[in-house]
Amino acid sequence: MLRSPLTVVRTLRHLLGVAEENRCRLVELQHAVDELRRATERDDDRLTVLRRLLAKVEPYQPIYGLAGLVPEPARASVDRARTIESDMGEVRGKRILDIGSSLGYMSFYFADRGAHVTGWEANPDNNEVARQVATVTGIPVTFETKELTLDTVRSIEPGAFDSAFVLAVFHHIIHFQGLEAAQQIVAEMLDRVPVIYLELAARGEDPSLFWDASQPEDPLELLALVKDRSELTRLGTFSTHLSEHRRPLYRLARPQIVRVGSHEYAYDSVSREAYRNSPVSEGPWQRRYYHSTSHVIKEYRFAEEAADNWQQIIGELYVHTLLSSSRHHVHHALVIDDVHLDHQHALVAMRRVDGRLLSEGRPLHPEALRVVVRDVLLTLRDLAALGIHHNDVRSWNIVVASDGGGWLIDYGRASHVAIEDDVVALAWAAVAGMSGAREPADEAMTNLPPQEALEDAGLGAFGRAVHAGLRDRDALLATLDG
Ligand SMILES: C[S@@+](CC[C@H](N)C(=O)[O-])C[C@H]1O[C@@H](n2cnc3c(N)ncnc32)[C@H](O)[C@@H]1O
């Protein structure tokens, strides 16, 4: 059949269109293939890099999560990891420092179970491997190239870690830094980290090893400086690649530890009173205060005879939640790091402000008192902007920090309702801070202290304004200038 030229042109156009479309699809397909090839190469690259890095290090541990990469690791390590894990209890949320982290096996094992782990390793080649393992497995651990010495142990912030692992490392430290330095390192570490897992090598494991002769007769001599202030528990013994000798693994812990949430807080003292001579109930304890270098931990018991505890803890947590969820800054607001709440009791870990209570110690000079009053007024002003009244401004609820600043603590009675006048209460607390005599605890805070007392405290202008009925926080702050 003869087609008209017009039909032929149309058909040709159509065929050209189809060809063009297919060409585009072909190009797309080509792009997809290229992308796939690049991705595969990238993955291969990461493993190739890891293999290359591994060739430079001692194959001490297996590579966590990548079976077979180290065909014959010196230590299988999973046995030690499981032993520590079952001793530790809940791993999720724990903050762990793995010292001598080698290829990162222990670090990854615990990070994979929800811990926040930092590894310190003296050998940068080991760290390169460990970091590459993190890249391949996606398990987040921070590895620092850092040697454990007296200086570096002192850089650990108290309260920053729940436990440290120092597995098969101290024999190196004893050899290179001496037994005395190693003993001091243990003591300094225990001041900062409440629980230390230790695996100790012993003299005579293999006398031909370079570190053997420098080891003490008894490996536990390492703990000479802490033996009276720690608890040592042997968790098991483990074989090594070096000899028939099995190495003991210990938990070395501060004897006084309180757990809040998933964190361990080692404390130095515990009291049933919030401040010296505070009214303490008879009978079973209702409140306890654990004091550590970094935190004050309040424990409140919930019981029929301690009904106030519920209200106070809920009030306190409500205010702190409000503060942390609000964009509004509150001057000198305390920081809560951990909370535990169940039907029987509550524990609240608050970061410690170094200093002393206004109600304790020497009376303050007028200039120092003015700084404290100013800080507390700023806090009250910021709280008021959130609609919060403190309702318990007392000299025993104000910390005079070591830098002279004033911190209002204890938000247990804070509320959107003004139960009392915070400014009147502050005037009484200021007079107490100047005279050294505590204000009455049950004062309804309706009547102000006499103006002469405020004059004596160097707060004349503030007192006159307050007596005249001024309550605007900013205007009152202005009376403290100059
Ligand atoms: C025998 S391996 C033990 C590795 C790992 N802790 C374990 O038990 O599986 C000792 C590791 O500690 C590291 N190391 C030795 N002295 C150290 C020090 N002073 N500070 C940090 N790491 C150290 C070594 O580089 C090595 O990786």
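Values quoted throughout were computed directly from the atomic coordinates according to the rules given, and no laboratory measurement underlies them. The model shown is predicted, which means the values in this text are computed figures rather than measured ones. A quick note on method: Cβ atoms are made from the backbone with ideal geometry, for glycine too, and the neighbour counts reach across all protein chains shown.
Before moving on, here are some points about what is shown:
- Estimated vicinal HN-Hα couplings, Hz - region 25-37 in sequence order (Karplus 6.51, -1.76, 1.60; Gly, Pro = x): 4, 4, 4, 4, 4, 4, 4, 4, 4, 4, 4, 4, 5
- Relative to the current alpha-carbon distance between residue 328 and residue 142, full extension at 0.36 nm per residue lengthens the span by 63.7 nm.
- Pairwise centroid distance, computed over Cα atoms, of region 64-119 with region 316-341, Å: 34
- Against the chain, whose longest principal axis comes from its Cα atoms, helix 179-192 is set at around 60 degrees.
- Residues listed by number, region 118-155, amide nitrogen under 18 Å from residue 58 label point at 7 Å toward C-beta: 120-130, 145-149
- Estimated FRET transfer efficiency when R0 is 41 angstrom, pair residue 67-residue 206 (beta carbons, to 0.05): 0.90
- Remark: spin-label model distance residue 92-residue 34 equals 4.5 nm, labels positioned 7 Å along the Cα→Cβ axis.
- Arranged from fewest to most other beta-carbon atoms within 10 Å of their beta carbon, 353, 399 become 353, 399.
- By DSSP, the beta bridges lying fully in the chain are antiparallel in about 70 percent of cases.
- Normalising by residue count, region 356-479 has a Cα convex hull of 93 Å³ per residue.
- Each label point was placed 7 Å from the Cα along the Cα-to-Cβ direction; for residue 256 and residue 12 their separation is 9.9 nm.
- Linear extension gain, residue 308 paired with residue 46, 0.36 nm per residue minus alpha-carbon span: 88.4 nm
- Computed lengthening from residue 176 to residue 76, 0.36 nm per intervening residue step minus Cα-Cα distance: 33.4 nm
- Sorted by Cβ density within 10 Å, fewest first, the residues 417, 136: 417, 136
- Normalising by residue count, region 78-256 has a Cα convex hull of 112 Å³ per residue.
- Whole-number percent relative contact order across region 263-351, with pairs defined as alpha carbons under 8 Å at least 6 apart: 27
- Taking the Cα atoms of the chain, the ratio Rg/Rh between the radius of gyration and the Kirkwood radius comes to 1.19.
- All lysines inside 24 Å of residue 298 as judged from Cα atoms, apart from same-chain residues fewer than 8 positions distant: 94
- Fewest-first sequence of 320, 245 by Cβ atoms within 10 Å of each Cβ: 245, 320
- Spin-label pair residue 113-residue 245: with each label point 7 Å from Cα along the Cα-Cβ axis, the two points sit 2.8 nm from one another.
- Relative contact order %, the chain, counting alpha carbon pairs below 8 Å whose residues are six or more apart: 8
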